[in-house]
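A quick write-up on the structure given underneath.
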Amino acid sequence: MRPLVFNLHSNPLLAAEITKQLEAEEGVLNQRQFPDQESYLRIDSDCQQRDCVIYCNLYQPNDKIMSLLFLAETLRELGAKRIALVTPYLCYMRQDKRFQTGECVSAIPFGKLISNYFDHLITIDPHLHRIHHLDEVYQIPSQIVKASPLIADWVSDHVDNPVFLGPDSESEQWVADVAKRAGAPHLILEKTRHGDRNVEISVPNLNQWKSHTPVLVDDIISSGRTMLTTLEQISNLGFNRPYCIGVHGIFADEAYMELRQYSEVITTETIPHPSNKIEISSALCTAIRTWLRS
Ligand code: R5P
């Protein structure tokens with residue numbers, strides 16, 4: 001039987017593309033708000049004994065989570081065979097440590113919550129820093145789709161003579177891989193974070209790379225301070241206009257406009273945004289097919 005793909009509060013074009021590539025059936029939902037703002041949800045597709053994929057992209061997650069759990073639970077009650085969550089951006093991974101007494105390490109309760117409702121999780125480059133594997137916080141099997149081959153292909157097609165710059169040691173896991181795939185050099189800078197919007201980046205002497213085009217790569221662009229602080233430092237060094245590439249472009253407040261003053265800003269499609277240039281549907285479908293065959 002063909003799998004069902006439900007789009008829950010996420011990019012309809014991407015959901016349609018995934019459904020098409022998988023030759024799956026679009027899951028039909030009826031949703032509305034009750035007058036008291038609680039959520040109504042009805043499944044209008046027959047899910048009995050079928051594999052169900054819920055495509056729910058969990059950036060700005062809090063408004064999506066109740067419907068997500070309602071849908072997963074209802075599919076299960078109505079006889080779905082297995083249920084996978086596909087979320088290109090996996091939320092609550094950055095709260096991975098108790099920095100101050102009493103803080104919630106959100107990655108842990110969120111992982112438990114999702115694990116209670118799903119059989120499988122597919123995401124793109126989650127923020128794994130102090131948590132090294134999703135298994136540490138998710139009790140279900142998961143697949144991580146890597147953005148590095150997609151970024152490397154895009155850079156190879158669009159940028160002459162790149163030198164990749166990672167703004168901090170955390171970024172090395174992505175930057176080194178992208179650079180290797182693109183056959184280009186990379187450097188990792190040093191970052192000290194003093195607050196949400198206050199970072200210090202130390203840039204080494206870049207004289208030997210003057211003939212290259214700087215390509216900054218990081219997993220998340222949130223306040224944009226990490227990228228912006230780096231760009232401000234290299235802007236007077238006589239380079240070609242740099243590229244600033246994020247896997248997940250959150251772009252809080254004016255971050256996008258600020259970054260564009262100094263660079264070409266490019267992101268993957270994991271969070272819908274005008275900077276999206278790197279498509280992700282084929283890579284996601286490869287992972288979904290692996291789950292469907294398991
Ligand atoms: C670090 O934890 C991440 O890899 C990114 O460097 C960070 O999320 C960027 O945040 P912002 O854009 O707020 O500087």
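Annotations
- Region 137-152 - residue that is outside any loop (DSSP other than H, G, I, E, B), open to solvent by 20 Å² or more (accessible area, probe 1.4 Å) and in contact (Cβ under 8 Å) with a residue 24 or more places away in the chain and, of those, farthest from the ligand (Cβ to nearest atom): Gln143
- Qualifying positions in region 255-289 - outside any loop (DSSP other than H, G, I, E, B) and either among the aromatic types (Phe, Trp, Tyr) or open to solvent by 60 Å² or more (accessible area, probe 1.4 Å) (or both): Tyr256, Met257, Arg260, Gln261, Tyr262, Glu264, Lys277, Thr286, Arg289
- Among (1) within 15 Å of the ligand (Cβ to nearest atom); (2) open to solvent by less than 60 Å² (accessible area, probe 1.4 Å); (3) outside any helix (DSSP H, G or I) - the single one Leu228 does not satisfy: (3)
- A single entry from Leu75, Leu69, Leu58 fulfils the requirement of being crowded, with 20+ Cβ neighbours inside 10 Å and in a helix (DSSP H, G or I): Leu75.
- Subset of region 1-33 [in a strand (DSSP E or B) and touching a helix residue (DSSP H, G or I) at 6+ places or on another chain (Cβ under 6 Å)]: Val5, Asn7, Glu26
- Among the residues examined, Leu14 does not qualify as crowded, with 18+ Cβ neighbours inside 10 Å, assigned by TED's automatic domain parsing to the domain that holds Asp119 and more than 16 Å from Ile288 (Cα to Cα).
- When Asp160 is tested against the conditions (1) open to solvent by less than 70 Å² (accessible area, probe 1.4 Å); (2) more than 16 Å from the ligand (Cβ to nearest atom); (3) not hydrophobic (A, V, I, L, M, F, W, C), the lone failure is (1).
The values are calculated or read from the model by the stated rules, or taken from the named source; none is laboratory data. Since this is a predicted model, take the numbers as computed values, not measurements. Neighbour counts are summed over all protein chains in view; Cβ atoms, including those assigned to glycine, are modelled from backbone coordinates with ideal geometry. What goes into the accessible areas is simple: the full protein's heavy atoms, side chains included, and nothing from ligands, DNA or RNA. Shrake-Rupley method; radii C 1.70, N 1.55, O 1.52, S 1.80 Å.
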